[in-house]
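Derivation of every value follows stated rules applied to the coordinates shown; laboratory data play no part. Small disclaimer: the values here were computed from a predicted structure and weren't measured. Neighbour counts run over all protein chains shown; Cβ positions are idealised from the backbone, glycine included.
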Amino acid sequence: MHTNPPDPPDHDDCFAIRQAARHISQLYERHLSEAEVTPTQFSILWALRRGSSLTMLELAQAMVMDRTTLVRALRPLLRHGLVAGEPDGQGPRRLKVSLTRDGQVRLDEAMAFWRAAQDEFERKFGPQQAASLRRELFRVTRDVSKA
């Protein structure tokens, strides 16, 4: 006899976080697609905005991403000239990446769409609740990931 699996319990933290992340990601994807970047690519461009180049390891750590996922997100940015990669001198496979002038222009364009997504989320969720959620999520990233 085949029975349907039960719904995830209301106390399943992982399910709740992943479900919320997918929903919020879709909202940002809708807005940022106007600038032809994904939310992940926007975050990479933002991380590189200071004009300094980062090694792949430094960028992966800043993004809290594994190297394979980072490489997959970087490929279109490299292909379209928004990010430049050059060997860091420590080995042929070690790459430093930096934001190009075109990347800065795209980031500047994308900022308006990011702001629209941010405003929509805060309008629907509440600005104080959004600020509190951000603080808590950054705390989770900082404190729980150390375990």
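With each pseudo-label sitting 7 Å past Cα toward Cβ, what's the H23-Q104 distance in nm, one decimal?
Taking the simple label geometry, H23 and Q104 are separated by 3.9 nm.
Looking at the chain as a GNM with Cα springs under 10 Å, which of L99, L57, L137 has the largest mean-square fluctuation?
In the Gaussian network model the winner is L137.
Can you compute the charge dipole magnitude of the chain about its Cα centre, using +1 on each Lys and Arg Cβ and -1 on each Asp and Glu Cβ, nothing else charged? Give it in debye, rounded to the nearest 20.
Details: 22 positive and 19 negative charges, 104 e Å.
Computed about the Cα centre, the dipole is about 500 debye.
Between R79 and A16, what is the FRET efficiency for a Förster distance of 25 Å, r being their Cβ-Cβ separation, to the nearest 0.05? Kindly include the intermediate steps, with their values, before the conclusion.
Values: r = 36 Å, r/R0 = 1.44.
According to the calculation, E is roughly 0.10.
As a check on your grasp of the helix formula, calculate [θ] at 222 nm for the chain: sum -39500 (n - 2.57) over DSSP H runs of n ≥ 4, divide by the residue count, round to the nearest 500.
-20500 deg cm²/dmol
Want the number for E36 to V144: 0.36 nm per residue separation, take away the alpha-carbon distance, what's left? Could the numbers behind the result be given before it?
Values: separation 108, 0.36 × 108 = 38.88 nm, distance 3.32 nm.
In short, 35.6 nm is gained.
Take each of the peptides 110-118, 33-41, 15-23, average the number of other beta-carbon atoms within 10 Å over its residues, and list them starting from the highest. Walk me through the numbers on the way to the answer.
On the way: 110-118: 16.4, 33-41: 18.1, 15-23: 11.6.
Averaged packing, sorted descending, gives the order 33-41, 110-118, 15-23.
Given the options A47, A131, S98, identify the residue whose Cα lies farthest towards the positive end of the charge dipole of the chain (+1 on Cβ of Lys, Arg; -1 on Cβ of Asp, Glu).
Positive-end residue among those listed: S98.
Please work out the ratio of the alpha-carbon Rg of the chain to 2.2 N^0.38 Å and round it to two decimals. Walk me through the numbers on the way to the answer.
Numbers: Rg = 18.0 Å, N = 147, 2.2 N^0.38 = 14.7 Å.
Compared with the compact-globule rule of thumb, the chain sits at 1.23.
So if R0 is 41 Å, what FRET efficiency would A112 and N4 give, r being the distance between their Cβ atoms, rounded to the nearest 0.05? Intermediate values should be presented prior to the final figure.
Details: r = 45 Å, r/R0 = 1.09.
Efficiency, rounded to the nearest 0.05: 0.35.
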